[in-house]
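Scroll down for the structure; my scribbles are underneath it.
Throughout, read-outs are computed from the coordinates displayed, never taken from laboratory work. In this text, all values refer to a predicted model and were calculated from it rather than measured experimentally. Reconstructed Cβ throughout: ideal geometry from the backbone, glycine too, with neighbour counts over all protein chains shown.
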Amino acid sequence: MTPEQILEQCRDLVGQPLGAVAERWKAERPGGRVVAAYPVWTPAELVHAAGMLPLSLLGGGTSVELTHADARFQSFVCSIAKSTLELGFQDIVKGIDGFVFSNICDVARNLGSIYQRNFPGVFVEYLHLPQNSTSPGVTAYAASELRRLAAGFETAFGLTLTEAALTKAIEIYNVVRARVRALYAFRIAEPQKLSTTELYVALRATTLVPPEQAIAWLDALLDGLPRRDARPRDRLRVVIEGAFCEQPPLGLLEVLEEAGCYVVEDDLLLGWRWFTSDVPTDGDPFERLGAAYVNQSVPSSTRHEGREHRSAGLIEKVRRASATAVIFMPAKFCEPALFDYVLMKQGLERAGIPHMIVEFEEKMWTFERTRNEIETFVESMLFD
Ligand code: SF4
């Protein structure tokens with residue numbers, strides 16, 4: 001298949017209701033179970049190792065009108081939390097057997113409990129990921145949380161999750177992540193051949209299929225994209241930062257590129273490419289995954305690193321991608337992103353890296369003001 005055909009399939013899949021994606025997979029596997037993972041990171045390996053399908057749970061995007069969820073949250077709460085709850089009320093996630101949330105922020109913490117209370121018929125688990133990465137007990141603690149999740153799957157669904165199956169699952173997701181890293185590296189090298197919306201749609205689609213299918217798509221893209229005929233343009237190379245949980249509308253990503261940017265790095269769908277290198281597969285797989293969470297994770301506002309200034313990872317990203325500027329893109333009311341914005345801004349200013357901020361909501365549909373702001377920013381850089 002050509003890259004265009006694959007991207008078309010991916011775009012089509014991403015536009016489908018999550019419950020329909022789950023039901024279709026289950027129709028081919030009677031008795032099969034599906035578990036959806038709220039951002040940022042949930043070990044898809046555990047879900048896969050138990051014989052289930054892991055899916056990304058990323059809110060309602062532009063497709064869901066809030067009719068019930070608004071009444072369960074304060075008005076100053078991000079959109080993804082409300083629309084994720086609304087998916088439940090409108091039966092759009094019917095067919096999904098379990099939901100996993102984690103301690104990325106207070107909103108996600110409450111969302112997990114609200115889900116449990118409103119939908120008692122489904123499995124809901126809340127992962128307490130480590131907050132202190134420098135403690136000597138951190139790896140053992142992370143591994144014990146993962147074991148607790150595995151035990152939850154076993155109790156709820158009667159499935160057995162063996163260490164051998166988990167090791168195999170880590171191996172296959174290592175392959176997926178390696179391919180994704182290769183695709184990101186390709187975009188850094190030749191951004192004119194792979195737009196951000198294309199990369200985003202491809203990556204999001206890989207979070208909706210079994211890893212074998214994801215690898216087939218990613219391999220075909222890595223094979224076909226270098227042959228695309230596209231000349232480099234005079235554009236500003238930027239890094240997007242802050243969109244690790246609620247996802248910006250595709251229209252906003254398109255506007256960035258139309259306004260003169262090459263996005264060469266981003267933190268979209270971060271949890272699905274969470275590790276910077278392969279997770280080792282020797283020894284206890286729970287310990288290996290737990291240790292990787294602590295020592296091999298990408299920098300994120302939702303992971304408490306404690307060893308470096310919050311801007312260090314971002315500045316490193318800018319340098320590695322040969323970017324010129326940063327566009328902070330936090331979701332409206334996203335506390336982790338907005339708290340870090342202050343610290344990251346200070347770090348970028350010390351390093352002399354220009355930046356701007358573009359706040360978004362997943363249901364945002366008009367981009368003209370944003371387009372003007374980005375165009376002005378780009379022109380001030382390119383024609384300085
Ligand atoms: S968008 Fe931000 S505030 Fe909202 S759930 Fe995600 S991390 Fe928390």
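Per-structure values
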item: Added length on full extension, which subtracts the Cα-Cα distance from 0.36 nm per residue, residue 281 to residue 27; result: 88.2 nm
item: Solution diffusion estimate, µm²/s, Stokes-Einstein, segment 259-384, Kirkwood Rh from C-alpha pairs, 37 °C, viscosity 0.692 mPa s; result: 199 µm²/s
item: Distance violations [Cα-Cα > 29 Å] among 168/193; 94/363; 26/82; 26/332; result: 168/193; 26/332
item: Extension gain, residue 219 back to residue 356 (0.36 nm per residue minus Cα-Cα distance, nm); result: 45.8 nm
item: 14 Å beta-carbon shell around residue 292, net charge (K/R +1, D/E -1); result: -3
item: Segment 121-168 shape via C-alpha gyration tensor axes, a/c threshold 1.5; result: oblate
item: Diffusion constant of segment 1-75 at 25 °C, which comes from Stokes-Einstein with the Kirkwood Cα-pair radius and 0.890 mPa s, µm²/s; result: 167 µm²/s
item: Rounded to 10°, Cα long-axis angle of helix 335-351 versus longest principal axis of the chain; result: 40 degrees
item: Ranked packing of 65-78, 9-22, 46-59, most packed first, by mean Cβ within 10 Å; result: 46-59, 9-22, 65-78
item: Segment 3-163: relative contact order in percent, alpha carbon pairs under 8 Å with at least 6 residues between; result: 22 percent
item: Under 18 Å from residue 317, Cα to Cα: aspartates and glutamates that are on another chain or at least 8 residues apart; result: 190, 241, 265, 266, 267, 305, 308, 340, 349
item: Angle in degrees between helix 18-27 and the longest Cα principal axis of the chain, rounded to the nearest 10; result: 50 degrees
item: Calculated Rg and Dmax of segment 3-163 using C-alpha coordinates, Å; result: 16.4, 49
item: Cα-based radius of gyration of the chain once divided by 2.2 N^0.38 Å, which approximates compact folds; result: 0.95
item: Acute angle (nearest 10 degrees) that the helix 211-224 long axis makes with the longest principal axis of the chain, alpha-carbon atoms; result: 20 degrees
item: With 10 Å bins from 0: P(r) over segment 229-291, alpha-carbon pairs, percent; result: 17, 36, 23, 16, 8
item: Segment 161-292: C-alpha gyration tensor shape, a/c 1.5 cut-off, then a/b vs b/c; result: prolate
item: Relative contact order [Cα under 8 Å, 6+ residues apart], the chain, whole percent; result: 20 percent
